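Novice: Handing you a structure now.
The values are calculated or read from the model by the stated rules, or taken from the named source; none is laboratory data. Please read these numbers as outputs of a predicted model, since none were measured by experiment. Quick reminder, even Gly has a Cβ in these numbers, built from the backbone with ideal geometry, and neighbours come from all protein chains shown. All accessible areas refer to the heavy atoms of the entire protein, side chains included, with ligands and DNA or RNA removed. Shrake-Rupley method; radii C 1.70, N 1.55, O 1.52, S 1.80 Å.
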Amino acid sequence: MISGMPAESSRRVRVLVSGVVQGVGFRPFVFRKARRLGLGGSVRNTTAGVEIEDEGPSGRIERFLEAIGAGPPMAHVERVDVSDLAPRGERKFRVEESAQAREGASLVSPDLATCPTCLRELGTREDRRHRYAFVNCTDCGPRFTIIDSLPYDRERTTMRGFPLCPACHGEYADPHDRRYHAEATACATCGPRVRLVAPDGAPVAEGDDAVVEARRLLGSGGIVAIKGMGGYHLACDATCGKAVERLRALKGRPDRPLAVMCRDLSVAGAYCRISAAEARHLASMRRPILLLASRPEPERGYAAVADAVAPGIILGLSFGRI
């Protein structure tokens, strides 16, 4: 500090952030911002949103408030209420246990598509989550469909029955890790596992063998019900007319168009004409199903989609991984 210049006054504030602020990495975001600015205080989830108490030099508090007004990428901040408190001289920042608020209700993030970083882990043989179907972090994965009640904490989700192994707990407790307080954190050691069962419930295969067998069934004209986030996804080979017609008969859906899943944008582009705006939507974390203008014929090397998928109608298409 320059001699003769007054010290910056200390300020303590209580901040309530409402909107889609739970299940999107908001607490880790706040924690890192506060630590970076050298502020003390705490952050916790409540049924009304995210509650923060922050203390430090006034200028740093203002910078902090500007930062959290935007929030992390997947958040949608609707309101930030700030009130001043008496300073306590607090210097450390921490994540506290969640609490019930007296009033208000928080919005919860929808489920998010697997992020690029998790996809890299999924495909890296040396990674401990290689080919682990339930890979996720604070930036992606299940949210709304695993919540039983608010505030959003692991013990109030369907993940409460899967205690974290030491490796996952280390990530969950590390403020510098992208799985810090990611409530759906899991791996093959401690998390849910994949299994394939017959229509009568008899076990067929588990783990990677279940995925391989399901892929074989799809390739041979079978129909597989995949239990995922929010329900069951009925899948068959879209290029196999008999499989699609059988699925329609079983569902009692004679004409309604069915969505086609593609591995990525390059495969989708082999079947449909995709604008830049449509490509951005398809690749977004929402992974929506879009109605696209289909090509008269797929590009060379790609099998044609069966007419029964969308009789007389343009294709509805999304892409992702099974």
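Novice: Select from region 157-196 the residues that are of a type in the set (Val, Ile, Thr), modelled with pLDDT under 95 and open to solvent by 60 Å² or more (accessible area, probe 1.4 Å) and list them in ascending order.
Specialist: THR158
Novice: Filter region 135-145 for residues that are outside any loop (DSSP other than H, G, I, E, B) and either without any contact (Cβ under 8 Å) to a residue 40 or more places away in the chain or open to solvent by 50 Å² or more (accessible area, probe 1.4 Å) (or both) and give the result.
Specialist: Step one: list which residues in region 135-145 are outside any loop (DSSP other than H, G, I, E, B), which gives 137, 140-141, 144-145.
Once the filter is applied, which keeps residues that are outside any loop (DSSP other than H, G, I, E, B) and either without any contact (Cβ under 8 Å) to a residue 40 or more places away in the chain or open to solvent by 50 Å² or more (accessible area, probe 1.4 Å) (or both), region 135-145 yields PHE144, THR145.
Novice: Does region 88-108 contain at least one residue that is open to solvent by less than 30 Å² (accessible area, probe 1.4 Å), of a type in the set (Lys, Arg) and either touching a residue at least 12 places away in the same chain (Cβ under 8 Å) or not in a loop (DSSP other than H, G, I, E, B) (or both)?
Specialist: no
Novice: State which residue pairs qualify: first residue within 20 Å of ILE147 (Cβ to Cβ) and inside region 226-245, second residue assigned to a helix (DSSP H, G or I) and open to solvent by 40 Å² or more (accessible area, probe 1.4 Å) in any location, beta carbons under 7 Å apart, and separation of 6 or more residues or different chains.
Specialist: Listed by first residue and then by second, the contacts come to MET229/THR145; GLY230/THR145.
Novice: Now, a different point. Of the residues VAL77, VAL82, only one is open to solvent by less than 40 Å² (accessible area, probe 1.4 Å), modelled with pLDDT of 90 or more and outside any loop (DSSP other than H, G, I, E, B); which? Show your work before the answer.
Specialist: Working: VAL82 fails: open to solvent by less than 40 Å² (accessible area, probe 1.4 Å).
One residue alone meets the criteria, VAL77.
Novice: Mind telling me which of the residues GLY38, GLY49, GLY56 ends up being within 26 Å of the chain's Cα centre (by Cα), open to solvent by less than 60 Å² (accessible area, probe 1.4 Å) and of a type outside the set (Val, Ile, Thr)?
Specialist: It is GLY49.
Novice: With respect to the numbered conditions (1) within 24 Å of ASP174 (Cβ to Cβ); (2) surrounded by 16 or more Cβ atoms within 10 Å (Cβ to Cβ); (3) modelled with pLDDT of 90 or more; (4) in contact with a Gly (Cβ under 8 Å, 6 or more places away or on another chain), which one is the sole condition not fulfilled by HIS130?
Specialist: Of everything listed in (1) within 24 Å of ASP174 (Cβ to Cβ); (2) surrounded by 16 or more Cβ atoms within 10 Å (Cβ to Cβ); (3) modelled with pLDDT of 90 or more; (4) in contact with a Gly (Cβ under 8 Å, 6 or more places away or on another chain), HIS130 misses just condition (2).
Novice: Against the conditions (1) in a loop (DSSP other than H, G, I, E, B); (2) over 23 Å from the mean Cα position of the chain (by Cα), where does MET285 fall short? Just the number, please.
Specialist: MET285 satisfies every listed condition except (2).
Novice: Name the single residue, out of those in region 233-265 being among the basic types (Lys, Arg) and outside any helix (DSSP H, G or I), that is nearest to LEU291 (Cα to Cα).
Specialist: The qualifying residue nearest to LEU291 (Cα to Cα) is ARG256.
So that you can scan it fast, the table gives a plain yes or no per residue for (1) in contact (Cβ under 8 Å) with a residue 24 or more places away in the chain; (2) more than 15 Å from the chain's Cα centre (by Cα); (3) under 24 Å from ILE52 (Cα atoms); (4) not in a loop (DSSP other than H, G, I, E, B):
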residue: ARG129; (1), (2), (3), (4): yes, yes, no, no
residue: ALA133; (1), (2), (3), (4): yes, no, no, no
residue: GLU155; (1), (2), (3), (4): no, yes, yes, yes
residue: ASP174; (1), (2), (3), (4): no, yes, yes, no
residue: ARG179; (1), (2), (3), (4): yes, no, yes, no
residue: GLU183; (1), (2), (3), (4): yes, no, yes, no
residue: GLY201; (1), (2), (3), (4): no, yes, no, no
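Novice: Ok, one more. Taking into account only those residues within region 197-248 that are in contact with a strand residue (DSSP E or B) (Cβ under 6 Å, 6 or more places away or on another chain), closer than 27 Å to ARG143 by Cβ and of a type outside the set (A, V, I, L, M), which is most open to solvent (accessible area, probe 1.4 Å)?
Specialist: TYR232
Novice: Considering each residue of region 249-261, count those that are surrounded by 19 or more Cβ atoms within 10 Å (Cβ to Cβ) and in contact with a Ser or Thr (Cβ under 8 Å, 6 or more places away or on another chain), and give that number.
Specialist: Our first condition is that a residue be surrounded by 19 or more Cβ atoms within 10 Å (Cβ to Cβ); within region 249-261, this holds for 258, 260.
Now narrow it down to the ones that are in contact with a Ser or Thr (Cβ under 8 Å, 6 or more places away or on another chain): 260.
Residues flagged as surrounded by 19 or more Cβ atoms within 10 Å (Cβ to Cβ) and in contact with a Ser or Thr (Cβ under 8 Å, 6 or more places away or on another chain) within region 249-261 amount to 1.
Novice: Right, ARG27: at pLDDT below 95 and open to solvent by 30 Å² or more (accessible area, probe 1.4 Å) or not?
Specialist: Numbers: at pLDDT below 95: yes; open to solvent by 30 Å² or more (accessible area, probe 1.4 Å): no.
For ARG27, the condition - at pLDDT below 95 and open to solvent by 30 Å² or more (accessible area, probe 1.4 Å) - is not met.
Novice: Please tell me if LEU65 is crowded, with 20+ Cβ neighbours inside 10 Å and either aliphatic (A, V, I, L, M) or touching a helix residue (DSSP H, G or I) at 6+ places or on another chain (Cβ under 6 Å) (or both).
Specialist: Numbers: crowded, with 20+ Cβ neighbours inside 10 Å: no; either aliphatic (A, V, I, L, M) or touching a helix residue (DSSP H, G or I) at 6+ places or on another chain (Cβ under 6 Å) (or both): yes.
Judged against the criteria, LEU65 is not a match.
Novice: Give me the pairs, please: first residue somewhere in region 24-37 and free of Cβ contacts under 8 Å to residues at least 40 places away in the same chain and within 15 Å of LYS92 (Cα to Cα), second residue anywhere and in a helix (DSSP H, G or I) and among the aliphatic types (A, V, I, L, M), beta-carbon distance under 7 Å, and either six or more positions apart or on two chains.
Specialist: Hits for this filter: VAL30/ILE68; LYS33/ALA67; LYS33/ILE68.
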